[in-house]
Amino acid sequence: MNTPHASAHIALLPGDGIGPEVTAAAVACLEAVAEIHGFQLRFSEHAVGGVAIDACGTALPETTRAACMASDAVLLGAVGGPKWSDPRAPVRPEQGLLALRAAMGVYANLRPVQVHPRAAQFSPLRPEKLRNVDLLFVRELTGGIYFGSKTRDAAGASDLCSYSVAEIERVLRRGFALARQRRRKLTSVDKANVMETSRLWRETAQRLAAEYPDVQVEHQLVDSMAMLLLTRPADFDVIVSENLFGDILTDEAAAIAGSLGLLPSASLGDGPRGLYEPIHGSAPDIAGRGIANPAGAIASAALLLRHSLGMQVAAGALESALWLALDEGVLTPDLGGHHGTVALTDAVIGHLWSQSAVDTAVVARA
């Protein structure tokens, strides 16, 4: 567990589309949490993605990279949009995000998935399938086909998928450690029937399982896992996968939860500095309209407090306040509501202060 920070520097990368709107919401919540719980946060804002391409000609300017490496944590909004979506473009927004992950050495992407009762009606699954769904995906983030060498000519193209034993071991160990903190169940996802990298992945998982006898381990092929997420999602706890498989499966799981706008992520390495972002995209169709759901960004801020700053109580308070705001029906249009980004943010902050008042009263009575 990280030692709590009395003060911290957070690098903000709002990015494109709705990124600035949801990032502002998360910052407002972080400022409230810091005031309530007695620590200080300093924020600095930097360009990444499409806006960085427009301003600097690169998706990750050196000033942005340096600021992130000098920070205690990085909070990102979203990158990309139609303006920069030409697949033939030599510079694309997503390149900035991939380069930042590599620079920070954040190889384990944590994506928790729970289904809020208010969002359950928007899930494609029947209500009985959603009971007790509490998943934690651990996606390997800096290896595999996204980072392998690539070729392209008039006749075809190729993408190399490669993994070292060390890359597989470190993300699996992170998964096992997290499983020990939860329900002690781990599912390792691969495609070992046809892919050599997946055979190495499964062999490594089987070898490491012997070091964690208190964790129940199962192995699933990725296509089977995609089906099982729809038929019995509540049966799983921690799910560990390589980069490409994790990218696809976590978007499927987000749909199960009812809205992409709800879910956070934390990208972690061996040190406390992490990269935090909602899993949704830049949603350019609703950018600037004030209706983007900030829940994923706010929940990502809570993960930042927990994993990078060691503020466990503050993180729990923020997550609880967000849950309560949704409970009382402060819902954005993606959840069938009529409230905007600011309204949900204000409701979360209101619950933070209400919780603080209750806690103060309890201490005074004691």
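The values are calculated or read from the model by the stated rules, or taken from the named source; none is laboratory data. Note that the structure is predicted; figures quoted are calculated from it, not measured. Cβ: placed from backbone, ideal geometry, glycine included. Neighbour counts: every protein chain shown. The protein model used for the area step is the full one, side chains on, heavy atoms only, and it has no ligands, DNA or RNA in it. Shrake-Rupley method; radii C 1.70, N 1.55, O 1.52, S 1.80 Å.
Could you run the Karplus curve 6.51 cos²θ - 1.76 cosθ + 1.60 with θ = phi - 60° over the range 255-262 and give me ³J(HN,Hα) per residue in whole Hz, x for Gly and Pro?
Working through the residues one at a time gives 5, 4, 6, x, 6, 4, x, 8 Hz.
Out of the range 161-230, which GluC sites (Glu not before Pro) are coil in DSSP terms and have no more than 14 other C-beta atoms within 10 Å? Mind showing how you got there, number by number?
Working: sites: E167, E169, E196, E203, E211, E218; in loops: E211.
When the GluC sites (Glu not before Pro) of the range 161-230 are filtered for loop state and at most 14 Cβ neighbours within 10 Å, E211 remain.
Which whole-percent values make up P(r) of the range 64-166 when all C-alpha to C-alpha distances are grouped in 10 Å steps starting at zero?
Using 10 Å bins, I get a P(r) of 11, 28, 30, 24, 7, 0 for the range 64-166.
I'm checking a number: the convex hull volume of the Cα atoms of the range 258-366, normalised per residue, in Å³. What is it?
108 Å³
Just flag the trypsin sites (Lys or Arg not before Pro) in the range 83-144 sitting in loop per DSSP whose Cβ has no more than 15 other Cβ atoms within 10 Å.
For trypsin sites (Lys or Arg not before Pro) across the range 83-144 that sit outside H, G, I, E and B with at most 15 neighbouring Cβ atoms in 10 Å, the list reads R88, R131.
Roughly what % of Cα-Cα distances in the range 232-321 sit above 20 Å, to the whole percent?
Within the range 232-321, distances greater than 20 Å cover 44 percent of Cα pairs.
For H280, what accessible area in Å² do you get when you roll a 1.4 Å probe over the heavy atoms of the protein chains, rounding to the nearest 10?
20 Å²
How large is the Kirkwood hydrodynamic radius of the range 16-85, in angstrom, based on all distinct alpha carbon pairs?
It works out to 13.3 Å.
Pull up all non-local amide H partners of A292: gap of 5 or more, or a different chain, and H-to-H distance under 5 Å with H placed in the peptide plane.
T341
Could you grab the relative contact order for the range 1-151? Cα pairs under 8 Å, six or more apart, rounded to a whole percent.
Relative contact order comes out at 23 percent.
Considering only protein heavy atoms, with the full assembly of protein chains and a 1.4 angstrom probe, order T332, T63 by accessible area, largest first.
On the way: T332 0, T63 105 Å².
My answer, sorted largest first, is T63, T332.
Please list, ordered by chain and number, the residues whose modelled amide H lies under 5 Å from the amide H of I239; skip anything fewer than 5 residues away on the same chain.
Under 5 Å from the amide H of I239 lie the amide H atoms of L136, F137, V138, T187, each far enough along the sequence or on another chain.
Expressed as a fraction of 2.2 N^0.38 Å, the rule-of-thumb size for a compact globular protein of N residues, what is the C-alpha radius of gyration of the range 277-319?
1.37
Per Stokes-Einstein, at 20 °C and 1.002 mPa s, what whole-number D in µm² s⁻¹ belongs to the range 162-261, with the Kirkwood radius over Cα pairs as the hydrodynamic radius?
The Stokes-Einstein estimate is 155 µm²/s.
With the Cα gyration tensor of the range 174-327 in hand, give its eigenvalues times 5 under a square root as the equivalent ellipsoid semi-axes, listed largest first in whole angstrom.
After diagonalising the Cα gyration tensor, the semi-axes are 29, 20, 15 Å.
Of all beta bridges DSSP finds with both residues in the chain, what is the antiparallel percent, to the nearest 5?
Percentage antiparallel, nearest 5: 40.
DSSP loop trypsin sites (Lys or Arg not before Pro) in the range 167-196 with at most 16 other Cβ atoms within 10 Å of their Cβ, which ones? Working shown, then result.
Values: sites: R170, R173, R174, R180, R182, R183, R184, K185, K191; in loops: R182, R183, R184, K191.
For trypsin sites (Lys or Arg not before Pro) across the range 167-196 that sit outside H, G, I, E and B with at most 16 neighbouring Cβ atoms in 10 Å, the list reads R182, R183, R184.
Helix-only mean residue ellipticity at 222 nm, the chain, DSSP H runs n ≥ 4 weighted -39,500 (n - 2.57), per residue, nearest 500. What is it?
It comes out at -14000 deg cm²/dmol, rounded to the nearest 500.
Could you state the per residue volume, in Å³, of the convex hull enclosing the Cα atoms of the chain? Before the final figure, lay out the partial values.
Values: hull volume 54.6 nm³, N = 366.
Enclosed volume per residue, from the Cα hull, is 149 Å³.
With no solvent and one equal point scatterer placed on each C-alpha of the range 4-137, evaluate the Debye formula and give log10 I(q)/I(0) for q = 0.10, 0.17 Å⁻¹, two decimals.
The Cα Debye sum returns log10 ratios of -0.45, -1.02.
At a probe size of 1.4 Å, how large is the accessible area of V342, to the nearest 10 Å²?
Spelled out: V342, probe radius 1.4 Å, area about 100 Å².
Along the principal axes of its C-alpha atoms, what lengths does the range 239-290 span, in descending order and rounded to whole Å?
Taking the Cα atoms of the range 239-290, the three principal extents are 39, 25, 17 Å.
Per residue, how much accessible area does the chain have with a 1.4 Å probe, in Å²?
Values: 15540 Å² over 366 residues.
So the chain comes to 42 Å² accessible per residue, rounded to a whole number.
List, in order, the whole-Hz ³J(HN,Hα) value for each residue of the range 179-194 obtained from phi through the Karplus relation with A = 6.51, B = -1.76, C = 1.60 and θ = phi - 60°; use x for Gly and Pro.
Karplus values, whole Hz, x for Gly and Pro: 4, 5, 8, 10, 9, 6, 10, 10, 10, 9, 9, 8, 9, 5, 6, 9.
Please find, in a Gaussian network model of the chain (springs between Cα atoms separated by less than 10 Å), the residue of L263, L160, L76 whose mean-square fluctuation is greatest.
The residue with the greatest mean-square fluctuation here is L160.
With all protein chains present, how much of the accessible area of the chain (probe radius 1.4 Å) comes from carbon and sulfur, to the nearest whole percent?
Roughly 55 percent of what the probe reaches on the chain is carbon or sulfur.
Take the alpha carbon atoms of the range 98-157, find their radius of gyration, then divide it by 2.2 N^0.38 Å using N residues; give the quotient.
On the way: Rg = 18.3 Å, N = 60, 2.2 N^0.38 = 10.4 Å.
Here the Cα radius of gyration is 1.76 times the empirical estimate.
Based on the alpha carbons, how large is the Rg to Rh ratio for the range 88-222 when Rh follows Kirkwood?
A ratio of 1.03.
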